[in-house]
Amino acid sequence: MLKNLNSLVSLCKRRGYIFPSSEIYGGLSACWDYGPLGVQFKMNVRQHWWKEMIHRSDVVGLDSSILMHPSVWKASGHVDGFSDPLVDCKECRFRFRMEKEINSCPKCGSKNLTEPRDFNLMFKTHAGPVEEEASLVYLRPETAQGIYVNFLNVQTSMRKKIPFGVAQIGKAFRNEITLGHFIFRCREFEQMEMQYFVSKESADKYFEYWMEERKNFLQKIGLPGTSLRPHEHDKDELAHYAHKAVDWEFLFPIGWKELEGIHNRGDFDLTQHQKFSGKKMNYFDSETNSSYIPWIIETSIGLDRLILALLCSAYKEETIGNNESRVLLRLNPQIAPVQLAVLPLSKKEPLKDLSYKISAVLRKKWRVEYDETGSIGKRYRRQDEIGTPFCVTIDFDSLTDNKVTVRHRDTMKQDRLAIDQLQDYLNGTNLF
Ligand code: ATP
């Protein structure tokens, strides 16, 4: 397990996973850019979540806009309540978020602090050419509200019966005060949220159901069960809308931290939107002939935070004999950005031609990288570091015996096999 984030941050930059945003200008705090491997990795993780949520009969998808009517955020409570207590150190002027356990400046240790004052975390901007109060809009701090305001649109257009869910993936923005820890807490990040509409009587049952479902997903995608634990919010921690909230926490190198939240939001959100919009948010249950505002069970995870958890648990440093060491990412092969590397021992013909042909065939099905530069040892090290599960090496014997070598990332085991059996062999692995 990774001990601190520094070696991961450096690997991510060196190998094209994640770069600091606007780096040539000195960067922009808590904003990150996903490089060629990072964007592919992120897409794979996103698709896994989407498939898990949408390939079932009771959940449908949505993509609502980032900018919404400002009343949405009044109704949701974000305008009045989405704030962190901000404190200034009067000695060194360091500004930070007051936590329960902090009573002195985290930077210089002084107890000479200002009283905490509320700092709203929503980014503001203006719609239209005039920057006046009337044109004020917010960048959404969560994707959930887009689902609530579309509850009736989705329910009636899709003829959904309760219980049913709406899933959404999209960017969210928060002007966070506490920064650092790489992509753990960003000012611009992506959320993957699902809102499950239920009757009040069944809310507890579905809360437990989604707790289990989410844990299974986190384990399936690659997080060990031993690095996951539930944390139930006590009364002081509960958000204003929540009846119950349990986080799946992950053991990051910075300690146990929230990865995903499961919330019983009651009928708070739909009731608020009914009140502020004047539109009835009722659901008519034809079986019981009754009409009610549904309760909501929410599952909410940050895509970037999940990416960090996956990278942290995949990162390994190993000694492999002769005092040699290697770094590898033991990523689940299904989400690894590169699944196969095709490596000819020489960049000259006719090896090149054969290797090109093999890559072209494999690329039809898998994400393949072709690399002919540098010693084979260095190329293996690079593939290990980016998490490629298999390397296919083509050597001079391949020209006569029509065989290639497949090297396994985790065990470094090598299998020699006929080129025409390669696809069957790979189909039998855990690439899918
Ligand atoms: P935290 O206590 O860590 O600030 P939160 O309780 O405010 O998180 P929620 O509002 O419940 O978080 O958001 C749901 C999920 O979105 C979190 O579990 C986390 O994975 C992710 N998330 C929240 N804020 C950020 C952020 N600033 N950067 C990256 N991911 C975030």
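The values are calculated or read from the model by the stated rules, or taken from the named source; none is laboratory data. Quick caveat: nothing in here was measured; it's all calculated off a predicted structure. Because the Cβ atoms are built from the backbone with ideal geometry, glycine has one as well, and the counts that use them run over all protein chains shown. Note: accessible area is taken over every heavy atom of the protein model, side chains too, but ligands, DNA and RNA are not part of it. Shrake-Rupley method; radii C 1.70, N 1.55, O 1.52, S 1.80 Å.
Computed values, structure above
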read-out	value
Karplus-derived 3J(HN,Hα), 6.51/-1.76/1.60, for each residue of region 420-426, Hz, glycine and proline x	6, 9, 4, 5, 4, 4, 5
Overall form of the chain per C-alpha gyration tensor (a/c, 1.5; a/b vs b/c)	prolate
Residue-span extension gain [TYR209 to THR400] - 0.36 nm each, minus C-alpha spacing	63.0 nm
Using a Förster distance of 25 Å, the FRET efficiency for ILE66-ASP118 (Cβ separation, nearest 0.05)	0.55
Assigned charges on the beta-carbon of Lys, Arg, Asp, Glu; the chain dipole about Cα centre (debye)	900
Virtual spin-label span in nm between LYS378 and LYS220, 7 Å along Cα→Cβ	4.2
Region 288-329-region 338-394 distance, computed between alpha-carbon centres (Å)	28
Hydrodynamic radius (Kirkwood) for region 338-427, which is based on Cα pairs only, to one decimal in Å	12.8
Label point distance in nm, LYS347-ARG330, each placed 7 Å from Cα along Cα→Cβ	3.4
Residue-by-residue Karplus 3J(HN,Hα) for region 220-229, coefficients 6.51, -1.76, 1.60, Hz, glycine and proline x	4, 7, x, 8, x, x, 5, 9, 10, 8
Tilt relative to the chain, helix 376-386 - C-alpha long axis, 0 to 90 degrees, to 10	10
Solvent-accessible surface (1.4 angstrom probe) belonging to TYR209, in square angstrom, nearest 10	80
The chain, accessible surface, carbon-and-sulfur percent (1.4 angstrom probe)	50
For region 98-113, Karplus couplings with θ = phi - 60° (6.51, -1.76, 1.60), whole Hz, Gly/Pro x	6, 10, 3, 8, 8, 10, 9, 4, x, 8, 10, x, 5, 9, 7, 10
Cysteines in the chain that, by Cβ-Cβ distance, have no pairing candidate under 4.7 Å	CYS12, CYS31, CYS186, CYS312, CYS391
Net length gained if the chain between VAL79 and HIS233 were fully extended (0.36 nm per residue, minus Cα distance)	53.1 nm
Computed label-point distance, nm, for sites ALA418 and LYS244 using a 7 Å Cα→Cβ extension	5.9
Exceeding the 23 Å Cα-Cα cut-off - candidates LYS107/LYS244; LYS51/LYS161; LYS51/LYS200	LYS107/LYS244; LYS51/LYS200
Angle in degrees between helix 303-314 and the longest Cα principal axis of the chain, rounded to the nearest 10	40
Extension gain (nm, one decimal) between MET158 and SER291, 0.36 nm per residue minus Cα-Cα	46.0 nm
Cut-off 12 Å between beta-carbons: net charge of the residues surrounding ARG409, Lys and Arg +1, Asp and Glu -1	+3
Nonlocal Lys pairs with alpha-carbon distance under 29 Å, region 255-407 (8 or more apart, or different chains)	25
